[in-house]
Structures are given as structure tokens and as C-alpha cells.
Amino acid sequence: MTHPLVAALEDAFQEVRDRNLTLGERLKYVADCVRTKGPDYAIAVDAFVSRLEAAQAGSTAPMVGDVMPDFCLPSHEGRLVTLHSLLDRGPAVLAFHRGHWCHYCRLNMVGLAEIEREAKPAQIVAISSEVQQYTRMLRAEAGAEFPFLTDVGGGYALSINLAIWVDEAMSGMIGGTPWVLPVPAVFVVGQDGIIAARHVDPDYRRRMELDALLDAVKLVSA
């Protein structure tokens with residue numbers, strides 16, 4: 001039987017996913033649903049996010065002006081993709097997300113799919129630690145054409161100081177066990193490998209606005 005809060009969140013996602021709203025407004029719609037339908041869970045999330053913010057989670061991840069470290073990760077098709085190969089064709093947008101089970105991430109992927117063609121020649125790629133079964137599912141739901149990559153074990157996120165530990169108290173509330181997740185983030189990388197823009201926020205309810213992302217892409221595509 002589906003938990004009432006999960007069902008309510010799914011309804012909220014379906015209600016707002018295709019609305020003519022900013023990404024931030026869509027995300028807030030889901031966050032407001034959590035506060036209304038699951039106040040105890042909302043309080044726990046606020047406490048969890050406050051701890052991450054106090055610890056400045058993700059603050060030491062690569063900065064604007066740094067060279068983005070290369071990676072070699074399997075795509076939703078099982079093909080190995082490197083950052084170097086992406087940059088051979090143009091700038092890259094690296095979007096780290098938590099997974100298909102996260103309604104905020106699902107809205108984020110829908111938003112990225114909406115601007116995918118407008119972002120050309122930059123190549124958007126989504127990165128999470130999920131296996132292909134779920135990356136393919138999320139890609140299809142979002143209507144995306146860009147690759148969804150699997151960061152096996154969160155190794156790449158760990159290597160760039162973007163990973164966090166989800167403790168037992170928090171993970172237990174969403175039916176799981178403690179595990180490592182990336183801080184949701186976006187890096188816009190020029191063909192020279194230099195980071196031109198970044199958005200790293202330990203509050204996973206907030207993401208880089210799509211207009212801001214397109215503005216950053218235009219700078220590296222000029």
C-alpha cells in the first residue's frame with residue numbers, strides 16, 4: 001500500500017510538472033505539499049538540511065575558474081562516457097541529482113529536458129549513483145534526449161567533495177538504509193575544461209533556475 005505522503009507528492013508532481021512556472025515555483029509547490037501533508041517529515045527535512053548547511057556541504061566542490069576533473073561513467077545505454085569526450089563536441093552541463101525517487105530531482109530533469117535544445121551546443125548530462133534501470137526510467141519520464149550517467153558508488157561525487165552521508169534517522173524516514181548521495185549541483189564547463197558557472201546547494205529543494213543556466217551556457221558557447 002502506498003504511503004499517503006508518497007501518493008500526495010506524486011499527485012503534486014503530476015499537477016505541476018508541465019505548468020508554465022519557473023523551476024523554483026514548481027519545486028516550491030512540492031515542498032508546500034510536504035509541509036501540508038507530512039508536517040513531521042517536513043520538520044525532519046528542515047533539521048537535516050540545516051545540519052548540511054551548517055557543515056557547508058558541497059562548499060569545497062570545484063569552483064568557478066577551476067578545471068573540472070575528468071570522469072568515465074556508464075550511460076543509461078551502458079556506454080562509457082568521459083568528460084573529455086563531451087568537451088570535444090562543445091561545452092557541458094553536468095547536473096548531479098539524487099535519483100528517480102526524489103520528486104524534486106524529477107522536476108529538475110523535466111526542466112532540463114525543456115531547455116535541452118535551447119542549450120545547444122552545450123551537452124547536458126545527468127549524473128546520479130543509480131543503475132541503468134532507474135536512469136532509463138527517469139530519462140523517459142522527463143522526455144530527455146541527453147545522457148543519464150551512473151556514478152557507481154558515488155565515487156566521482158566523493159572525489160570532488162560533492163557527496164554527503166544520509167544518516168539512519170533521515171534515511172529511515174524514506175524507507176531506506178544510510179547511504180551516500182550527491183549534493184544536487186550544476187556545473188557549466190567550457191570546452192577548455194574550466195568551470196564557468198556552478199550551483200551547489202545542500203538544500204535539495206532548491207535548484208539552479210533554468211534561465212540562469214541558459215545565461216551561463218550562452219557565455220561559454222559564444
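The values are calculated or read from the model by the stated rules, or taken from the named source; none is laboratory data. None of these values were measured; they are calculated from a predicted model. Every residue, glycine as well, gets a Cβ built from its backbone with ideal geometry; the counts of neighbours run over all protein chains shown. We work out accessible area using only protein heavy atoms, side chains counted, and drop any ligands, DNA or RNA first. Shrake-Rupley method; radii C 1.70, N 1.55, O 1.52, S 1.80 Å.
The antiparallel fraction among DSSP beta bridges confined to the chain stands at about 70%. At the residue level, TYR29 shows approximately 80 square angstrom of accessible surface with a 1.4 angstrom probe and all protein chains present.
A straight Cα-to-Cα reach below 18 Å connects LYS28 with the aspartates and glutamates GLU10, ASP11, GLU15, ASP18, ASP40, ASP46, ASP201, ASP203, GLU209, ASP211, residues fewer than 8 places away in its own chain not being considered. Database note for the chain: Cys without another Cys beta carbon under 4.7 angstrom, CYS33, CYS72.
Residues of the stretch 108-151 falling in the label zone of LYS218, defined by backbone nitrogen less than 12 Å from a point 7 Å along Cα to beta-carbon, are 119. Each helix, a run of at least 4 DSSP H residues, gives -39500 (n - 2.57); summed and divided by the residues of the chain, these come to -13000 deg cm²/dmol at 222 nm. Sites listed here are trypsin sites (Lys or Arg not before Pro) in the stretch 109-190 whose DSSP assignment is loop and whose Cβ has at most 14 other Cβ atoms within 10 Å: ARG117. Comparing mean-square fluctuations of LEU112, LEU149, LEU73 from a GNM of the chain with C-alpha springs under 10 Å, the top value falls on LEU73.
Placing pseudo-labels 7 Å out from each Cα toward the beta carbon at ASP167 and TRP179 gives an inter-label distance of 2.0 nm. Once you sort the root eigenvalues of the Cα gyration tensor of the stretch 9-66 as a ≥ b ≥ c, which label holds: rounded (a/c under 1.5), prolate (a/b larger than b/c) or oblate (the other case)? Because a/c hits 1.5 or more and a/b fails to exceed b/c, the stretch 9-66 counts as oblate. Placing R0 at 35 angstrom, the Cβ-Cβ distance between GLN191 and GLU10 gives a FRET efficiency of 0.30 after rounding to 0.05. Applying a DSSP loop filter and a limit of 10 other Cβ atoms within 10 Å to the trypsin sites (Lys or Arg not before Pro) in the stretch 13-44 leaves ARG19. Summed over the residues of the chain and divided among them, the accessible surface reaches 47 Å² per residue at a probe radius of 1.4 Å. Each Lys and Arg contributes +1 and each Asp and Glu -1, all at the Cβ; summed about the Cα centre of the chain, the dipole is approximately 160 debye.
Under 23 Å of direct C-alpha separation, and excluding same-chain neighbours fewer than eight residues apart, LYS120 reaches these lysines: LYS218.
Among the protein heavy atoms of the chain, carbon and sulfur supply 54% of the accessible surface, probe 1.4 Å, non-protein parts ignored.
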